[in-house]
Amino acid sequence: MSGSQALTSLCSKSHRYSSLFPPFILSSSNPHRRIPRQIRPSTVRMSSSHPAPSSSSAASTTSSAASAIDFLTLCHRLKTTKRAGWIRRGVKGPESIADHMYRMGIMALVASDIPGIDRDRCIKMALVHDIAEAIVGDITPSDGVPKSEKSRMEREALDHMCTLLGEPSRAKEIHELWMEYEENSSPEANIVKDFDKVEMILQALEYENEQGHDLEEFFQSTAGKFQTEVGKAWAAEIASRRKKNKY
């Protein structure tokens, strides 16, 4: 079953679950991908205080569990949605969005210590930086969506997901991590931005080796754009291995 078929099946099972997903329109460049028509603006509860205790702690726990499972059900799309760039280039069995984010998290875990850098924050940021794509999908330049519109769509999707999660402290953390990455506003964000590019070119090298594709465009798109020493060093190692494989 495809990701879109699974989503349709899930939403048809229960009226309650239909509220998890906003209306979609088809991408003009890829009729099998869906882009949200408009996500209802929502306000994310950013207060770090806990909600007032309910009259029944059991009911509160049940409600919290339901919100968490609703959120995780929506995140399932990250596992089933394939990265659009690889599909466009005819890669067989391309990685999913979740595959990409997972290896970025591993990169943050295994990278050498850097003074002043919060490793745990880097790992968390890697795990959430593409989370809005659970709703909007993997929008690429070939989709013809302006950068400002893509950003708006993703921010609205993020708000929707954080509201769905319900837990104020966790929603606040996810929102802050995503915004920090999006705005490239910290040393941790600089590193995770580099890991995003490193993971892509490493994956490109693997697809070249495994399937015989020429994926030069992915290497060209990242050339000279690494911001950190670890990003530059890892990219150089990948480039060196690619050169050896070609000759």
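Computed over protein heavy atoms with a 1.4 Å probe, the carbon and sulfur contribution to the accessible area of the range 62-212 reaches 55%.
In this structure, the pairs whose alpha-carbon distance is over 21 Å, taken from 82/243; 79/232; 124/193; 82/197, are 82/243; 79/232.
Counting only protein chain heavy atoms and rolling a 1.4 Å probe, the accessible areas of 180, 199, 206 rank, largest first, as 206, 180, 199. Full extension of the chain segment joining residue 217 with residue 170 gains 13.2 nm, where the gain is 0.36 nm per residue of separation less the Cα-Cα distance.
Surface analysis of the range 57-154 yields an accessible area of 49 Å² per residue, using protein heavy atoms and a 1.4 Å probe.
Averaged over its residues, the range 169-231 has an accessible area of 43 Å² per residue, based on protein heavy atoms and a 1.4 Å probe.
From the Cα gyration tensor of the range 92-136, with a ≥ b ≥ c the square roots of its eigenvalues, which class applies: rounded if a/c is under 1.5, or else prolate if a/b is larger than b/c, or else oblate? Oblate shape, in that a/c is at least 1.5 and b/c is the bigger or equal ratio. Residue 219 contributes about 30 Å² of solvent-accessible surface, heavy atoms of the protein only, 1.4 Å probe.
Convex hull over the Cα atoms of the range 65-125, averaged projected area in nm²? For the range 65-125, averaging the hull's shadow over all directions gives 5.9 nm².
The values are calculated or read from the model by the stated rules, or taken from the named source; none is laboratory data. The shown structure was predicted, so the numbers you read here are calculated from the model rather than taken from an experiment. Remember, those area values only see protein heavy atoms, side chains included, never the ligands or the DNA or RNA. Shrake-Rupley method; radii C 1.70, N 1.55, O 1.52, S 1.80 Å.
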